[in-house]
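Student: Right, I'll just put the structure down here and ask away after.
The values are calculated or read from the model by the stated rules, or taken from the named source; none is laboratory data. Just so we're clear, the structure is a prediction, and the values are computed from it rather than from any experiment. Cβ: placed from backbone, ideal geometry, glycine included. Neighbour counts: every protein chain shown.
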Amino acid sequence: MKNRVKLKGHIGAYMRWPLFLSVLLAIGLVVILRISYRAGLVMAVCLCIYLAVSVTLYLYTKPYITEELIHFAADYSQMHRLVLRELEIPYAVLDDKGTILWADLKMKEVFGSDIEKKNISDVLPEIDPEDFPDADKGRAHIRSGERYYIAEIARIHTEGFAEDNELLRFNEKDLHLRRLYLYDESETVQARKEIQEQKLACGIVFVDNYEEALSSTEEVRRSLLSAVVDSTITKYLQSYDAITSKLEKDRYLFVVRQKNLQAMRSSKFSLLDEVRGINVGNQMNVTLCIGISVNAASYAQSQEWARHALELALGRGGDQAVVKDGDKMSYYGGRSKQVEKTTRVRARVKAHALKQVIKGKNQVVIMGHQIGDVDCIGAAVGVYRAARYMEKPAYIVLNTVTRSVKPILESFAENPDYDRNMFITSEKARSLVDMNTALVVVDVNTAERTEGPDLFAQTKTVVVIDHHRQSGNSIENPVLSYIEPYASSACEMVTEILQYFGDNIKLTAQEADALYSGIIIDTNNFLNETGSRTFEAAAFLRRNGADVTRVRKKLRDDMSNFKAKAEAVKNSVTDGSYAFAVCPSEGLDSPTVTGAQVANELLNIKGIEAAFVCTQVGDTVYVSARSLETMNVQLVMERFGGGGHTTIAGAQIKDKTAAAVLAEVKEAVKVMKSEGDL
């Protein structure tokens, strides 16, 4: 430190004045020597003694003078230090490693008097010394106990100090200091929290099976059932200080503070279970759909968001609550199985609407999900027949031909009655689709999972026909949406539409086989998700030429596929009533289909209630989930960005291995089971 500290300015010049005077004495010595040699010698001796004494005094007294000047400066700045120490804002000085060198009284009051010499990360874990800014200020929101602070950290600039001070000189590179301010924002945070909690959330409660539940009850008890349901809903909402209004016999509008809404969400909307548990002689449980909006820009938008959330809850099968917060969707409930509706009124209405849509357009382009399966292709073929019945050009978008759908495509390619351009790629579809095109999407309701997501920007006439439960990123603003989660397959839905599409519509044997194959695959030979309407649709297809033997031959496995399934089943593991497996994909034409078949095979094992199979294809892991109605596998798959049915669901996860994804699925099932979400 002594070598680096030097005196400068007036003090430095004053300390060096004896050296300057010795120059004048030397000049005088020269003059005297010319006058008198003896006098000059005496003068020379005196000059040497003077120089020796001056240098000795300078070197000896400089450290003491420097020290006294430093103490003087410190005493002079005592008032400044006192002001800093008693600042109302917590303040501290840190070195480049994050060690607290000095802290004022307020900082010590907040974090304790012994914080000096500690690292800032030990006192405030939210702050990492490695993130200290070199020049600009950095900010972070932190919490200490019940108080909230804004921590501001910046470098202490020493350039001006080094140039302007008159006493000391030092190397600026030796100093790497940081200053830390803490601004108390507790009152602001609390005020924001109170404002947020006082905001109103709009919600709609809808009894989604009101008529069916009443029909399952004796006539004398129907009024009692209606009264009990009404009373249960009203009491529940009033217990959360909500304003409630009954709009219709099966629909309620309510407004509640977000503070109380949070309590509802914490209880996972226990109203769903309370209403489902009502039993006054009704053979069918009453189920609800709840749609709620949060943080809308206006009350009108809040009601519109609530309506969208309710529609999403209905599209997902009912018996659940959906909370919409901007683009974020939260789902609660949905554990009960969707009950099939025996009436076909909706299918007839949708068939008439589809007919009008196709009639008003020049052409029809049909597409399903990526890596189309048998159900997807079969449903597309059914819509193709409807378009041809209306004498409109029709095309089916298909990018990847898998082993499972190849036999079906070959049956059309070998028939001269079908256009060679019946199946096209998404690239070719981009040159065809325009505003006069009806774009029909089958077996999927999410735009990014279709064969051509960019086609939606080329036309406004979009029709969606799907049997999967909706998610928050469903296709926006279709002119016609027909989504029935209780349906066994998209082929079943299209088959019903065809029955009401025209009086004399006739399917070819190839078309009937394609639709029948889709039903066979998605129901696992009429074992899963099968209702009376499924068999009625199959009967219609049989009457139109579908042949069971011919379909069975098309759907048979080859030896490599059979061995892959056997290996996956052999290496599967079980956890209670759940089975988990990894399906090999090497050498298989349709590894995702094989994985789904493995999941179905595992359900045939005694004691297994649900099965999860992961299949690696490139950088993507495809998860197939199946259950026997005792577990809602859709809720599990939604945690991984997927979806589907209560008993049939799936998901796609990128940039992970099949083993890693399977471990995550196991953990998710374990957590959801412990929380009662399954």
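Table: residues versus (1) closer than 22 Å to Leu432 by Cα; (2) free of Cβ contacts under 8 Å to residues at least 12 places away in the same chain.
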residue: Val383; (1), (2): yes, no
residue: Arg388; (1), (2): yes, yes
residue: Ala394; (1), (2): yes, no
residue: Val397; (1), (2): yes, no
residue: Pro407; (1), (2): no, no
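Student: Going by what's in this entry, would Asn279 be described as of a type in the set (S, T, N, Q), surrounded by fewer than 16 Cβ atoms within 10 Å (Cβ to Cβ) and under 25 Å from Cys202 (Cα atoms)? Write out each step before concluding.
Tutor: Details: of a type in the set (S, T, N, Q): yes; surrounded by fewer than 16 Cβ atoms within 10 Å (Cβ to Cβ): yes; under 25 Å from Cys202 (Cα atoms): no.
No: the conditions fail for Asn279.
Student: Let me ask something else. Any idea which of Ser215, Ser223, Ser239, Ser270 is modelled with pLDDT under 90 and surrounded by fewer than 16 Cβ atoms within 10 Å (Cβ to Cβ)? Don't jump to the end; show me each part of the working.
Tutor: Details: Ser223 fails: modelled with pLDDT under 90; Ser239 fails: modelled with pLDDT under 90; Ser270 fails: modelled with pLDDT under 90.
Residue meeting the stated conditions: Ser215.
Student: For the stretch 550-589, what are the residues that are under 35 Å from the mean Cα position of the chain (by Cα) and part of a loop (DSSP other than H, G, I, E, B)?
Tutor: Scanning the stretch 550-589 gives Asn571, Ser572, Gly576, Ser577, Pro584, Ser585, Glu586, Gly587, Leu588, Asp589.
Student: Got a number for residues in the stretch 452-473 being surrounded by fewer than 24 Cβ atoms within 10 Å (Cβ to Cβ) and either under 24 Å from the mean Cα position of the chain (by Cα) or farther than 18 Å from Leu354 by Cα (or both)?
Tutor: The total comes to 10.
Student: Is there a residue being touching a residue at least 60 places away in the same chain (Cβ under 8 Å), of a type in the set (Phe, Trp, Tyr) and out of contact with any Ser or Thr (no Cβ under 6 Å at 6 or more places or on another chain) anywhere in the stretch 577-593?
Tutor: Yes: one or more hits.
Student: Could we say that Val365 is of a type in the set (A, V, I, L, M), modelled with pLDDT of 90 or more, not assigned by TED's automatic domain parsing to the domain that holds Ile520 and not in a helix (DSSP H, G or I) here?
Tutor: On the way: of a type in the set (A, V, I, L, M): yes; modelled with pLDDT of 90 or more: yes; not assigned by TED's automatic domain parsing to the domain that holds Ile520: no; not in a helix (DSSP H, G or I): yes.
Criteria not met by Val365.
Student: Would the stretch 498-505 turn up any residue that is part of a loop (DSSP other than H, G, I, E, B), β-branched (Val, Ile, Thr) and crowded, with 19+ Cβ neighbours inside 10 Å? Explain how you work it out, then say what you get.
Tutor: As a first pass, look at the stretch 498-505 and keep what is part of a loop (DSSP other than H, G, I, E, B): 502-505.
Within this subset, residues satisfying the condition of being β-branched (Val, Ile, Thr) are 505.
If we keep only those that are crowded, with 19+ Cβ neighbours inside 10 Å too, we end up with none.
No, because not a single residue in the stretch 498-505 is part of a loop (DSSP other than H, G, I, E, B), β-branched (Val, Ile, Thr) and crowded, with 19+ Cβ neighbours inside 10 Å.
Table: residues versus (1) outside the structural domain of Leu314 (by TED's automatic domain parsing); (2) surrounded by fewer than 16 Cβ atoms within 10 Å (Cβ to Cβ); (3) part of a helix (DSSP H, G or I); (4) in contact with a Lys or Arg (Cβ under 7 Å, 6 or more places away or on another chain).
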site	(1), (2), (3), (4)
Ile371	yes, no, no, no
Arg385	yes, no, yes, no
Arg403	yes, no, no, no
Phe412	yes, no, yes, no
Asp419	yes, yes, no, no
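Student: When the residues of the stretch 529-546 are narrowed to those that are assigned to a loop (DSSP other than H, G, I, E, B) and under 12 Å from His467 (Cβ atoms), which ends up modelled with the highest pLDDT? Explain how you work it out, then say what you get.
Tutor: As a first pass, look at the stretch 529-546 and keep what is assigned to a loop (DSSP other than H, G, I, E, B): 529-531, 544-546.
Filter once more, keeping what is under 12 Å from His467 (Cβ atoms): 529, 531.
On the way: Glu529: 75, Gly531: 83.
Across the stretch 529-546, the extreme among qualifying residues is Gly531.
Student: Restricting to the stretch 603-634, what's the tally of residues that are buried (at least 24 other Cβ atoms within 10 Å of the Cβ) and outside any loop (DSSP other than H, G, I, E, B)? Please lay out each step first, then the result.
Tutor: Initial filter on the stretch 603-634 (buried (at least 24 other Cβ atoms within 10 Å of the Cβ)): 610-615, 621-627, 632-634.
Next cut, outside any loop (DSSP other than H, G, I, E, B) only: 610-615, 621-627, 633-634.
Residues that pass the stated criteria total 15.
Student: Here's something else I'd like to know. Determine whether the stretch 115-131 contains at least one residue that is in a helix (DSSP H, G or I), in contact (Cβ under 8 Å) with a residue 60 or more places away in the chain, of a type outside the set (Asp, Glu) and farther than 18 Å from Arg155 by Cα. Please lay out each step first, then the result.
Tutor: The first filter runs over the stretch 115-131 and keeps only residues in a helix (DSSP H, G or I), leaving 120-123, 129-131.
Adding the requirement that they be in contact (Cβ under 8 Å) with a residue 60 or more places away in the chain leaves 120.
Filter again for of a type outside the set (Asp, Glu), leaving 120.
Then drop every residue that is not farther than 18 Å from Arg155 by Cα, which leaves none.
Within the stretch 115-131 (the criterion being in a helix (DSSP H, G or I), in contact (Cβ under 8 Å) with a residue 60 or more places away in the chain, of a type outside the set (Asp, Glu) and farther than 18 Å from Arg155 by Cα), the answer is no, since none of the residues qualifies.
Student: Restricting the search to the stretch 467-518, which residues are farther than 27 Å from Thr646 by Cα and among the basic types (Lys, Arg)?
Tutor: If the condition is that a residue be farther than 27 Å from Thr646 by Cα and among the basic types (Lys, Arg), then Lys506 is the only one that fits.
Student: Checking the conditions here, which among Ile89, Ile115, Ile70, Ile127 is modelled with pLDDT of 65 or more and outside the structural domain of Tyr183 (by TED's automatic domain parsing)? Give the steps one after another, and end with the answer.
Tutor: Values: Ile89 fails: outside the structural domain of Tyr183 (by TED's automatic domain parsing); Ile115 fails: outside the structural domain of Tyr183 (by TED's automatic domain parsing); Ile127 fails: outside the structural domain of Tyr183 (by TED's automatic domain parsing).
One residue alone meets the criteria, Ile70.
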